[in-house]
Amino acid sequence: MLAIPVLAALVLLTACGQGSASAPELKLTSDDAFETAVGSVWDNGGSRCIADLTDFEWDGLRIFAEGTPAAMINSYVGGEVIRRNYYESSANLLVFTHGGEPARLLMMSGDFLTRDRPDITYGPAVRLTVDPPGGGLAHLEDSRHCIA
């Protein structure tokens, strides 16, 4: 007789779970090829289109730095990816979006892309510029030269 209530509970739990659409699971990741390409710009100076450094589709980029409130990041990506009160990594967190939805959460070592205003979203024409090489200022800017 115990089997019938347990079976009924399992059916109820399964039915409740099927009706809700879940967002794709987002994970904080790193990308060695991206790191190497950005490091080359940092070491040698100059500039590169961010789109040329990625191998996935995206149309928006927002950068979060160490100390950004977790609520701001979690709200932006639409889910809990940062569980503490603040983003505590010294790596920049690059949130790439596609069609308004998060596509990739990429942690990039170093914090030379620290943003004073994490509310700026860059489009696919964003360009990384470093001047002077190896310790200068790194900044992102929209550039008509990066449009494919």
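Okay, here's what the table says:
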read-out: Solvent exposure, largest accessible area first (probe 1.4 Å, DNA, RNA and ligands not counted), of Asp59, Asp32, Asp43; value: Asp32, Asp43, Asp59
read-out: Sequence of Asp31, Asp119 from largest to smallest accessible area, 1.4 Å probe; value: Asp119, Asp31
read-out: Space enclosed by the convex hull of the alpha-carbon atoms of the stretch 46-129, per residue, Å³; value: 90 Å³
read-out: His98 - accessible surface, heavy atoms, 1.4 Å probe, Å² rounded to 10; value: 80 Å²
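The values are calculated or read from the model by the stated rules, or taken from the named source; none is laboratory data. Only a predicted model underlies this, so the values are computations on that prediction, with no experimental measurement involved. These accessible areas exclude ligands, DNA and RNA; they are computed on the full protein's heavy atoms, side chains included. Shrake-Rupley method; radii C 1.70, N 1.55, O 1.52, S 1.80 Å.
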